[in-house]
Amino acid sequence: MAQGKILLQADTFWTRIKQQTEHALATDAMVSIPTDSEFVEQDGVCFLVRIVSNLARKDELKQKPETQNGSAAKDFNPFLPYEQDLFVADISDTHVCILNKYNVAKYHLLLITRAFEEQESLLTLADFTAMWACMAQFDGLTFYNSSKIAGASQRHKHLQLVPLPLTPTGVRVPIEPLLKSAQFHNSIATIPGFDFVHAFAPLDFLWKRSPFVAAEATLECYHSLLQAVGLENTQSRAYNLLITREWMLLVARSQECFASIPVNSLGFAGTLFVRNEQQMQALKQYGPMSILKNVAIPIN
């Protein structure tokens, strides 16, 4: 397979992220959504739960673009063209990095394809090459919501990248204490305590290699994870994919939300979002791990 070209310059990414964040906030291109948060523990994981009380504003703003080139609002694509005030960097000849317009976590980035691709399509060598070009300079969590059921809000293919640690105190990723007990079957593992269909694999310092070499190994691992959860050869694939410099986790999905609480990939990292106090009480009643089990595919 022909390799593309990396356009991201060495040792510039973090500086560009900070500069563009300041610019986007100053020009109101980025909408920063304030949250309150608290920790809710279940099954050995201390989940960070954010109460995003201002999501109603996000919903209202997202409904504003009624037409684009004569198309209906439902066909509106915020990535073609993307807002220049949100532009961070050219990553490769296939991918661009922009800021997430509706910002809950600081420095939340989107890696978008230059040409339209469906979010439900499989990830490619180009996707992983762009990801590793970024993660070589930026220690973060990359995640992919494969479809609306998995938490995607846009049809245009995009990976998302947030800095680590995810929480101000404790472990870098809340679920990491469970990962230490991974049970391997050849190169693919399952995590005791995850009572839902998933697959896990270490990445063996791939981020220190060239983005092209790392991407080839990651693409192979990705297909192994899809196969392990039974999604490799199916027409419809709903899953969440989480990648750090150290590991990759894929979770098969069955529904978008439970008890009216929506869940995307970050839920399986150990961070959840609720809209109001009623949802927070429901989350505490069921337990965050139980909510994950209900939106995934339970094992038992």
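The values are calculated or read from the model by the stated rules, or taken from the named source; none is laboratory data. Keep in mind that this is a model prediction, so the values were computed, not measured. Neighbour counts are summed over all protein chains in view; Cβ atoms, including those assigned to glycine, are modelled from backbone coordinates with ideal geometry.
Entry remark, the range 75-111: residues being of a type in the set (A, V, I, L, M, F, W, C), in contact with a Lys or Arg (Cβ under 7 Å, 6 or more places away or on another chain) and in a strand (DSSP E or B) number 3 in total.
Applying the criterion of being in contact with a strand residue (DSSP E or B) (Cβ under 7 Å, 6 or more places away or on another chain) and surrounded by fewer than 18 Cβ atoms within 10 Å (Cβ to Cβ) to the residues of the range 192-202, the residue that is farthest from ASP43 (Cα to Cα) is PRO202.
If the condition is being assigned to a strand (DSSP E or B) and among the charged types (D, E, K, R), then the range 195-212 contributes no residue at all. Residues in the range 203-215 that are surrounded by fewer than 18 Cβ atoms within 10 Å (Cβ to Cβ) and within 24 Å of ALA252 (Cα to Cα): LEU203, ASP204.
Residues that are of a type in the set (A, V, I, L, M) and either assigned to a strand (DSSP E or B) or at pLDDT below 65 (or both) within the range 27-63 comprise VAL31, VAL40, VAL45, LEU48, VAL49, ILE51, LEU55, ALA56, LEU61, listed in sequence order.
Of everything in the range 106-129 that is touching a residue at least 60 places away in the same chain (Cβ under 8 Å) and within 23 Å of ASP85 (Cβ to Cβ), the residue that is surrounded by the most Cβ atoms within 10 Å (Cβ to Cβ) is LEU109. Scanning the range 252-265 for residues that are in contact with a helix residue (DSSP H, G or I) (Cβ under 8 Å, 6 or more places away or on another chain) and crowded, with 21+ Cβ neighbours inside 10 Å gives ARG253, ILE261, VAL263.
The residues of the range 194-220 that are within 21 Å of ILE175 (Cα to Cα), of a type outside the set (A, V, I, L, M, F, W, C) and modelled with pLDDT under 95 amount to a single one, ASP204.
Yes/no matrix, rows are residues, columns are (1) farther than 17 Å from HIS108 by Cβ; (2) in a loop (DSSP other than H, G, I, E, B); (3) of a type in the set (Asp, Glu):
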residue: PHE128; (1), (2), (3): yes, no, no
residue: MET131; (1), (2), (3): no, no, no
residue: THR142; (1), (2), (3): no, no, no
residue: LYS148; (1), (2), (3): yes, yes, no
residue: ALA152; (1), (2), (3): no, yes, no
residue: LEU159; (1), (2), (3): no, no, no
residue: GLY193; (1), (2), (3): yes, yes, no
residue: ALA214; (1), (2), (3): yes, no, no
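Does the range 226-251 hold any residues that are crowded, with 23+ Cβ neighbours inside 10 Å and either of a type outside the set (Val, Ile, Thr) or at positive phi (or both), and which are they? Passing the criteria: ALA238, TYR239, ASN240, LEU249, LEU250.
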